[in-house]
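A short worksheet on the structure shown next.
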Amino acid sequence: MDAHDIAEGRARWQRRYDEARKRDADFSTLSGSPVEPVYGPPAGADVPGFERIGWPGEYPYTRGLHPTGYRGRTWTIRQFSGFGNAQQTNARYKMLLGAGGGGLSVAFDMPTLMGRDSDEPQSLGEVGHCGVAIDSAADMDILFDGIPLADVTTSMTISGPAVPVFCMYLVAAERQGADLAKLDGTLQTDIFKEYIAQKEWLFPPEPHLRLIGDLMEYTGANIPRYKPLSVSGYHIREAGSTAAQELAFTLADGFGYVELGQSRGLDVNAFAPGLSFFFDAHVDFFEEIAKFRAARRIWARWLRDVYGATSEKALWLKFHTQTAGVSLTAQQPYNNVVRTAVEALAAVLGGTNSLHTNALDETLALPTDEAAEIALRTQQVLMEETGVTNVADPLGGAWYVEALTDRIEAEAEAIFQRIRDMGQDGSITAGILRGIEDGWFMSEIADSAFIYQQALEKGDKRVVGVNVHTGSLTRDLDILRVSHEVEVEQNRLLGARRGDRDNALVKARIERMVAAARGGDNMIPSMLDACRAEATLGEICGALKDEWGIYREPARF
């Protein structure tokens, strides 16, 4: 790009920056020196390829979605939390919000994630252990008691049974008196990544996509601020993928959901802004920053050039980040505070829109209150003390960062082509479904994980406290333990609710929902009615399993 075009771009950015709202804050160094809101090439410089870097708030958004960067608005501190029963988790939420958290992120226990009730035989010993137990809308009432859902953005990390859990959330909001049309939050709902990495599916892919399509239609028409899909790369990376695989598989899944929306006759300019993303921030600092910058650039280009989006917001890749759980070690666990801080800083320098920081003890158990507070304070130190919010994309133009960004983008594009080639019609969706059925994604991730493990065991890759610097004075941590009484009490409450409700009404409403599943009606209204009658998660999912069947992964060796 020549000097004239660069100067014109800077002038455009300046106009947009001047018109944008900025925070009332001190934008100077610790020593008191003022800093510019953005930095770029010096006046008169020719920079070949600068159009791929650009200016914050302009296509291709390599440097961020907004001309102000974090001067306009800082990232949302959204700590992922859930354990035991709804009452215990409600207390943790109030602690996090009271300590400065900006939004909630719900972690569910394994029975809930698998669409089972707490008293089913398969739930034995798992209730409340990796998240909160939710059996019906009454649990949602308790979970958000004293927390106005009309005012707090809430993210829910669940995919297989995401739609019935979302309906229970809507019922709880109704009971609070909230205007559902104004609710704001995010539901994960990303079923592709379950088949690729996390393995928490209920049905074959097609019925899941039917439900997701219904959800996209319903939220678009009735709850426009709510984001019905958070396309997740986090679990793909935690399963052992490389950074480029995480990026490519995740964005390919996102393209698949764009194709789903368009197959429903939805306008990409209307529904694409409701798609968001969820990435892992691993410990390789610069590679992660490059990954986030490449993600925005790829998404903008594909939405514009492949899917025909014309509105600016449809081109925006908005993403939440969680620091890498897989990078935490049980050995010398206090080192995890350092790892988490480095990973969080990479997410921020990559322009994340919201962030969860892992607690130092999460490799051993759910976080204690003290560990959760340290994780929260890690973000607040970055936000309040380090000056990283003063300048948009401060590493933009750095030779190493730009080279990494270009390299990861090129690797991702090669993977997209491979996925397209697997599908008979050349679409991303057909390629994803074929790759799932053939076990291709699983094989690619397993190969990457094996290569890394070999390097770790040879000592080529080093982890402090594990294969280098292993001597330590670290004492054992006090960890959070979920009592068996949580399961006993949850099952007692569940039994009491079944006894108190109108069971004939529940049966009739579930039958109406199944009838909608057989036909072409949108399933959300009938599922909402079932949740209003206190139908349980296991009852709703069980009825749909009877109708649609279950999915078993093909064996691959």
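Of note:
- Scanning segment 316-362 for residues that are assigned to a helix (DSSP H, G or I), in contact with a Ser or Thr (Cβ under 7 Å, 6 or more places away or on another chain) and open to solvent by less than 10 Å² (accessible area, probe 1.4 Å) returns Asn336, Thr340, Glu343, Ala344, Ala347.
- Positions within segment 329-364 being more than 21 Å from the chain's Cα centre (by Cα) and touching a residue at least 24 places away in the same chain (Cβ under 8 Å), in sequence order: Thr329, Ala330, Gln331, Gln332, Pro333, Tyr334, Asn335, Asn336, Val337, Asp361, Leu364
- Test: Gly435 is within 24 Å of the chain's Cα centre (by Cα), closer than 20 Å to Trp302 by Cα, open to solvent by less than 30 Å² (accessible area, probe 1.4 Å) and not hydrophobic (A, V, I, L, M, F, W, C): no
- Looking across Ala162, Ala172, one residue alone is closer than 25 Å to Tyr195 by Cα and touching a residue at least 12 places away in the same chain (Cβ under 8 Å). It is Ala162.
- Matching option when the condition is over 30 Å from Asn491 (Cβ atoms) and open to solvent by less than 50 Å² (accessible area, probe 1.4 Å), among Thr89, Thr29, Thr74: Thr74
- Here is the figure for segment 123-172: residues that are of a type in the set (A, V, I, L, M) and assigned to a loop (DSSP other than H, G, I, E, B) total 9.
- Some residue of segment 221-230 being part of a helix (DSSP H, G or I) and open to solvent by 10 Å² or more (accessible area, probe 1.4 Å): yes
- Looking at Glu259, Glu287, just one residue is under 20 Å from Ile53 (Cα atoms), acidic (Asp, Glu) and out of contact with any His (no Cβ under 8 Å at 6 or more places or on another chain), and that residue is Glu287.
- The one condition in (1) touching a Gly at 6+ places or on another chain (Cβ under 7 Å); (2) part of a helix (DSSP H, G or I); (3) surrounded by 24 or more Cβ atoms within 10 Å (Cβ to Cβ) that Phe277 fails to fulfil: (2)
- Gly261 vs. criteria buried (at least 19 other Cβ atoms within 10 Å of the Cβ), farther than 28 Å from Asp447 by Cα and out of contact with any Ser or Thr (no Cβ under 8 Å at 6 or more places or on another chain): yes
- Every test in (1) within 26 Å of the chain's Cα centre (by Cα); (2) open to solvent by 20 Å² or more (accessible area, probe 1.4 Å); (3) closer than 26 Å to Trp299 by Cα; (4) at pLDDT below 95 is passed by Asp425 save one, and that test is (1).
- Condition met for Arg301 (part of a helix (DSSP H, G or I), modelled with pLDDT of 95 or more and touching a Gly at 6+ places or on another chain (Cβ under 8 Å)): no
The values are calculated or read from the model by the stated rules, or taken from the named source; none is laboratory data. What you are looking at is a predicted structure, and each value in this text was computed from that prediction instead of being measured. In this analysis, Cβ positions are derived from the backbone assuming ideal geometry, glycine residues included, and neighbour counts consider all displayed protein chains. SASA here: full protein model, heavy atoms, side chains in, ligands and nucleic acids out. Shrake-Rupley method; radii C 1.70, N 1.55, O 1.52, S 1.80 Å.
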